[in-house]
Amino acid sequence: MPNRIELAELQRLIGAGAQIVETLPEPEFREAHLPGAINIPIKALDAATTAGLDRARAVVVYCHDYL
């Protein structure tokens, strides 16, 4: 099971500079997404698509599974 965090922890991570990755399909991401989030659709999530993330900063992945 994926790790889940509570809102307070998410706010702390964002305040500390965490990157938010949403794994929604592109059309849904365009419609609505978390402020400041980066879109990497789950079916495209791999080493190449995450190469632009800053490895020195925490990454929070928000995923709603459509598989």
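The values are calculated or read from the model by the stated rules, or taken from the named source; none is laboratory data. In this text the structure is predicted, and so the values were computed from the model without any measurement. Glycine gets a Cβ as well: all are built from the backbone with ideal geometry, and neighbour counts include every protein chain shown. Just so you know, the surface numbers come from the protein's heavy atoms only, side chains and all, with ligands and any DNA or RNA stripped out. Shrake-Rupley method; radii C 1.70, N 1.55, O 1.52, S 1.80 Å.
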| Of the chain, which part is the longest with no trypsin sites (Lys or Arg not before Pro) in a loop (DSSP not H, G, I, E, B) and with at most 12 other C-beta atoms within 10 angstrom? | 5-54
| Positive dipole terminus of the chain, leading residue within P27, Q11, I38 (C-beta point charges) | Q11
| remark: Counting only protein heavy atoms with a 1.4 Å probe and every protein chain in place, the carbon and sulfur fraction of the accessible surface of the chain in whole percent equals 57
| query | Can you list, largest first and rounded to whole Å, the semi-axes you get for the chain by taking the square root of 5 times each eigenvalue of its Cα gyration tensor? | reply | 19, 15, 12
| note | The size of the Cβ-based charge dipole (Lys, Arg +1; Asp, Glu -1) of the chain about the Cα centre, to the nearest 20 debye, is 220
| said: From the helices alone, meaning DSSP H stretches of at least four residues, give me the mean residue ellipticity at 222 nm for the chain, per-run term -39500 (n - 2.57), in deg cm²/dmol to the nearest 500. | reply: -6000 deg cm²/dmol
